[in-house]
Every structure is written in C-alpha cells, then in structure tokens.
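What follows is a single structure, written as structure tokens, with notes after it.
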Amino acid sequence: MEEQIIICEQQENGVSVIRLNRPKVRNALNTELREQMAEIFNKLNDDVNTKAIVLTGGNKVFAAGADINDFLTAKTVDVYLRHSERYWDAITNCCKPIIAAVNGYALGGGCELAMHADIIVAGKSAKFGQPEIKIGLMPGAGGTQRLFRVIGKHKAMKLILTGDMISADEADQMGLVSEVVEDEATIKRAIEIAEQLAGYSPIALTQIKEVANLGVDMPLQAALALERKAFQILFDTEDQKEGAKAFLEKRSAEYKGR
Ligand code: CO8
C-alpha cells in the first residue's frame, strides 16, 4: 500500500494532529503535500469538533523546505501558475489555534511553515534556518517578512543572508519559538497545550487569534480599536457568561462555542 504523505488524526479531545510524512526526503514540501495540507486545514477549520490543531513532521524532522526537485527546470510562469499562496492562505486563515511541534530541521519553507503556527514547541535538537541563499534563491513564503517581525532586523538578516542554521535554544532566545523541551517530549507537549486550549471558549480563542494576527500590522490606535470591538462582541456569547459564572461558582466552565 502506498504511504500517505500527510496524516491527520482527529482525537476525541478536540485536538487534531497533522503529521507530514515524507521522511526519506526530510518532509520536503512538494506541491502534492502542500495541496493536501491545505485541504486538511480547510476541513479542520470547518469541523466544529476540532478546537486546536497540532502540526508536526514527526520525531525526526519537521520539514527541510520546498522540494528542490520542483525548482530544477521551473520558469517564472510555472512558479507563478502554481499560485502557492492559496496553500499558505489555508493555514493563515485557519481560525483554530495551531501549535507546531518541531523536531529536527525546520528549514526554508519548513521554517516558514512553523512560523504560520501560533505557538511553536521545539525539541532540544531542532534546527531552524532560511538556507535558500545557498541554492541561489531567497525565502518566498514569509521568511523575509514574518521572521523579520518575530526576531527583528539584525537577527533575521543574519539568518536570511548567511543561510546558517540556529539551534532550538538560540531560536528560543530570539523569540522564534514558544518553548524548548526534550526531543521525545515535543509532540506530547504540543498536544498537552492543544488540549488546554480545547477546553476554552472556541469563539474567544478565534477572536484572540484574529485580533493578534491582524492587529500586528495595523497602526496601534486602529489595532486597539479592533481589540476593543472584539472584546465587546464576546459579551454577546453564552461562553462569556458561562466563563464568568463558572469562576464565581468555583467550577469548571462548559463552553459551547457560541
Ligand atoms: N528538497 C528535496 N529533497 C530534499 C530536501 C529538499 N528540500 N531536503 C532533503 N532532501 C533529500 C536529499 O536530497 C536526500 O535525498 P537522497 O536520499 O535521494 O540523496 C534526502 O532528502 C536526505 O537528505 P540528506 O542526505 O541531505 O540528509 P541530512 O540529514 O544529511 O541533511 C538537511 C538534512 C540538512 C535538511 C539537508 O538535506 C538539506 O540541507 N536540505 C535542503 C534544505 C534547503 O535548502 N531548504 C530550502 C529549500 S528552498 C525553500 O524552502 C524555498 C521556500 C519557498 C516557498 C515555500 C515553498 C514550500
């Protein structure tokens, strides 16, 4: 039987785990894999039972970037016609929290993929980098922009211009990852965080995600207004009333997502 290149496991606890599965080529992101990944994200986005998503490449490697085989003979028009922005948009537009569990290499498009997540848990031996310059290219899915915003100009430029890799601890110091754990604990820890989020109000999580991601590129006053409006909107949800009531009654809240 042919092996699946991406596997999605929907758990009972509201957590869905997406695992890239092309280990022989270090989970290189070819078009087929990205197409399937986008389909899965679209499906999970619509699935009311999925409250949080874990994205991983398994225990050994996250993703070694775009599949370089796709670059050998491609011309401008071929790359344009791939419209790969639609694959990334499926992840960017996913309203559920995404936790990346990164073991091993997260390079090029793999590092860019990790940066699409809201929270990144890295194993101690993980390595991050944007090595495109080493193959006569440049980052093309957020490496020059997201990385810049996350770790600042001089750290980002050093990574992008040299193509050098950094360790999980260095990535942690720069703020590129949320936490570093032992390699064998990475996926478990990401699922644990996802389970915690799955217990919260899905509508509040979605509002936080939307405001934080949109607001960061807006002028501060506009972003603060957006935050205020989202905050006010939540007062019309049953979940908000349940959260306040449960706190005062000293019990766990039961959220409905409405
Ligand atoms: N594409 C295609 N094949 C790859 C890739 C890749 N990105 N990475 C590894 N492989 C293949 C190797 O060719 C090799 O194949 P084979 O067994 O047939 O020889 C196999 O995977 C194992 O690789 P290595 O023997 O090199 O394994 P190591 O563990 O020694 O090294 C590394 C792993 C460090 C990851 C190394 O393979 C490497 O440097 N890979 C290339 C990393 C890279 O340059 N990434 C950037 C690619 S360009 C990019 O991402 C642009 C993004 C643009 C937009 C996003 C689109 C998704």
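Just so you know, all these numbers are worked out from the coordinates, no wet-lab data involved. Just so it is clear, the model here is predicted, and its values are computed rather than measured. With ideal geometry, Cβ positions are generated from the backbone for all residues, glycine too; neighbour counts draw on all protein chains shown.
Express the C-alpha Rg of the range 57-115 as a ratio against the empirical globular expectation 2.2 N^0.38 Å, rounded to two decimals. Let's see the in-between values first.
Working: Rg = 13.3 Å, N = 59, 2.2 N^0.38 = 10.4 Å.
That ratio works out to 1.29.
For the chain, what is the charge dipole size about the Cα centre, in debye to the nearest 20, if Lys and Arg each add +1 at the Cβ and Asp and Glu each add -1 at the Cβ?
On the way: 31 positive and 36 negative charges, 103 e Å.
Its charge dipole is roughly 500 debye.
Based on the Cβ-Cβ distance of Gln10 and Asn59, what FRET efficiency does E = 1/(1 + (r/R0)^6) give at R0 = 30 Å, to the nearest 0.05?
Values: r = 21 Å, r/R0 = 0.69.
E(calc), rounded to 0.05, equals 0.90.
Please report, in debye to the nearest 20, how large the charge dipole of the range 76-219 is about its Cα centre when each Lys and Arg carries +1 at its beta carbon and each Asp and Glu carries -1 there. Don't skip to the answer; put the middle values down first.
Values: 14 positive and 18 negative charges, 64 e Å.
Around 300 debye, computed over the range 76-219.
Quick check: residue separation of Val77 and Ala222 times 0.36 nm, minus the Cα distance between them. What number comes out in nm?
Values: separation 145, 0.36 × 145 = 52.20 nm, distance 3.80 nm.
Contour length minus Cα-Cα distance gives 48.4 nm.
Helix 31-46 versus the longest principal axis of the chain: what angle, 0 to 90°, nearest 10, using Cα atoms?
Between the helix axis and the principal axis of the chain, the angle is about 0 degrees.
How big, on average over all directions, is the shadow cast by the Cα convex hull of the chain, in nm²? Display every interim value, and only then the final one.
Numbers: hull surface 62.4 nm².
Mean projected area for the chain: 15.6 nm², to one decimal.
With axes computed from alpha carbons, what is the tilt in degrees of helix 220-234 against the longest principal axis of the chain, rounded to the nearest 10 within 0 to 90?
50
Mind checking which of Tyr80, Asn93, Ile151 is farthest towards the positive end of the chain's charge dipole, using Cβ charges of +1 (Lys, Arg) and -1 (Asp, Glu) about the Cα centre?
Working it through, the farthest residue towards the positive pole turns out to be Ile151.
Set Lys and Arg Cβ to +1 and Asp and Glu Cβ to -1, take the dipole of the range 152-196 about its Cα centre, and tell me which of Gly163, Ala185, Gln196 lies farthest positive.
So the residue furthest toward the plus end is Gly163.
Can you give the helix-only mean residue ellipticity at 222 nm for the chain, where every DSSP H stretch with n ≥ 4 adds -39500 (n - 2.57) and the sum goes over all residues, rounded to the nearest 500 deg cm²/dmol? Mind showing how you got there, number by number?
Working: 11 runs with 114 residues, N = 258.
Helices in the chain give a 222 nm mean residue ellipticity of -13000 deg cm²/dmol.
Considering only the other residues whose Cβ falls under 12 Å of the Cβ of Met115, what net charge follows from Lys and Arg at +1 and Asp and Glu at -1?
Working: positive: Arg146, Arg149; negative: Glu112, Asp118.
Local charge sum for Met115: 0.
Quick one: angle between helix 202-215 and the longest Cα principal axis of the chain, in degrees between 0 and 90, rounded to 10, please.
50
Going highest first, how would you order 100-111, 137-148 by mean Cβ packing within 10 Å?
Values: 100-111: 27.8, 137-148: 18.3.
So the peptides 100-111, 137-148, ranked by packing, come out 100-111, 137-148.
Could you give the nm distance between label points at Ile233 and Asn42, where each point is 7 Å from its Cα heading toward the beta carbon?
Roughly 2.3 nm, to one decimal.
Roughly how many nanometres apart are two label points built 7 Å out from the Cα toward the Cβ at Ile68 and Ser252?
4.9
Quick one: if you stick a label point 7 Å off each Cα along the C-beta vector at Ser167 and Cys95, how many nm between them?
It works out to 4.2 nm between the two label points.
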